[in-house]
Every structure is written in C-alpha cells, then in structure tokens.
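Student: Below is the structure I would like to discuss, written out as structure tokens.
Just so it is clear, none of the values below were taken in a lab; they were calculated from the coordinates. Everything quoted here is computed from the prediction, not taken from an experiment.
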Amino acid sequence: MQETLIERASFAGRHDFDLLPRSADIQVRPAELPELSALAEMANRLVPGVQIGADSLGRYFEFDPNCILTFCRRGKLLGAVAFLYLNDAGLDALVLDEMSLTHPDMKFLARQDEEVSAIYVWAIAGQGRAMAGLGNVSEHLSRPRLVLADLYAHPATAAGRDLMVTLGFKPIPSFQPDLWCYQRPWNRVPKAGSGVETLSCHSTRSIADARY
C-alpha cells in the first residue's frame with residue numbers, strides 16, 4: 001500500500017477526534033472479505049497516486065479483520081479506513097523509520113489477543129458523506145484493546161494535513177519524516193504549573209536529535 005492519505009472532510013473549526021459526534025446516518029463496521037476488491041478499486045480511483053491491491057489488503061485483513069473499517073450509508077459502500085495496530089516493537093520501528101509503511105512486516109503488528117501500543121492510520125478513502133462517520137470510527141477505537149493507543153499518520157495531501165489539524169493531530173519529533181500524532185485525551189500530560197496539556201508521544205530510544 002502506498003503512503004497514507006486522509007481524504008478531505010467538511011469540518012468547521014477544530015475537533016478532538018475522540019469527542020466527534022456519532023453518526024446515525026453512516027454505519028461503520030469491520031470490512032468483509034468479499035468487499036476487499038471493491039475497497040481497493042475505490043482507493044485507487046479516489047486517491048491520486050495510490051495503488052492498493054486486494055491481495056495486499058487481504059494479507060493484513062486475515063491477520064486482523066478489525067484493521068479495516070468500512071463506511072456505509074443505506075447499504076451503499078462509501079469508503080473505508082485501514083489501520084496498522086502496532087505492538088511495542090512496531091511503535092519504535094515507526095518512530096525510528098525502521099519499518100516499511102507500504103509492506104509492513106507482521107512482526108510489528110499486535111496479535112488479536114495482544115494489547116495495541118499504537119495505531120497507524122494506514123489509508124483512508126471515502127466518497128459522499130463517508131467522513132461523517134469518523135465519530136463512529138473513534139468509538140470503535142475506544143474498545144479496551146485499543147483505547148490506550150495513540151494514533152499516528154502521515155499527511156499525503158494538503159487536504160489530509162488540514163483534516164489532521166482539525167482532528168487534533170500534531171507533528172512530532174521523529175526519524176520518520178513528517179510523522180503526526182494524535183494523543184488520546186487520557187494520555188495527555190499537563191505542562192507543569194500551566195494546566196496546559198502537552199503531547200508526550202515518544203519511542204523507547206532517545207529522539208532528541210530527530211527531525212520534525
């Protein structure tokens with residue numbers, strides 16, 4: 001899969017991803033195997049420069065069927081979002097630019113019976129009102145296995161960057177170029193004496209000399 005892309009959404013002002021309103025109009029659910037070809041075709045059509053094969057999607061879908069969520073409205077498939085649920089080694093490899101983001105090694109992914117250390121937004125594509133379902137996605141990511149994991153992503157377009165800013169993502173120091181992080185509200189650390197919350201996304205290795 002190519003670089004992560006977050007498609008344009010119509011939000012006014014800034015929103016905290018975990019506090020987005022849920023949509024009764026858009027249904028968000030794990031993808032089903034027969035949908036993978038349609039989802040790959042949709043991503044290839046909607047996302048310039050991205051070529052996603054159903055076989056590639058299927059490999060990660062088989063490892064964890066909950067890593068691909070679909071957006072549907074009145075039975076019509078509008079799009080999907082794919083995540084990499086990373087273990088501790090995966091989080092380190094992401095921040096230190098030591099993993100392939102096009103074909104990530106399975107050793108970096110958390111097993112289905114394992115707590116997730118970080119969630120990488122691998123790709124998202126949608127049409128119509130699909131992005132109105134992002135609040136439903138945040139609800140899915142609040143399940144016990146996922147709730148403590150911060151989100152990471154790369155902006156591949158100006159629209160993607162705007163959306164990440166809107167949802168509370170911020171660029172972080174990292175050996176991985178242009179890596180952004182959304183820290184879950186319950187993981188934020190108040191700045192001493194100010195009451196201001198700050199991000200504390202980090203790897204187990206020092207990244208003091210890393211690039212932004």
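Student: Spelling out what I want: for every residue of the stretch 65-80, take phi, set θ = phi - 60°, compute 6.51 cos²θ - 1.76 cosθ + 1.60 (Karplus), and round to whole Hz; glycine and proline get x.
Tutor: Listing the rounded values in order: x, 8, 7, 10, 10, 9, 10, 10, 9, 6, x, 9, 6, 9, x, 6 Hz.
Student: What percent do you get for the relative contact order of the stretch 17-198 when only Cα pairs under 8 Å and 6+ apart count? Write out the running numbers ahead of the final one.
Tutor: Working: 299 pairs, mean separation 41.4, N = 182.
Dividing the mean separation by the residue count of the stretch 17-198 yields 23 percent.
Student: Related question: Tell me, what HN-Hα J-couplings in whole Hz come from the Karplus equation 6.51 cos²θ - 1.76 cosθ + 1.60 at θ = phi - 60° for each residue of the stretch 177-187, using x for Gly and Pro?
Tutor: Per residue, the Karplus-derived 3J(HN,Hα) values read x, 6, 8, 10, 10, 10, 8, 4, x, 6, 9 Hz.
Student: Could I ask something else about it? Counting pairs of alpha carbon atoms under 8 Å apart in space and at least six apart in sequence, what relative contact order in percent does the stretch 94-192 give? Could the numbers behind the result be given before it?
Tutor: On the way: 88 pairs, mean separation 30.7, N = 99.
Relative contact order for the stretch 94-192 comes out at 31 percent.
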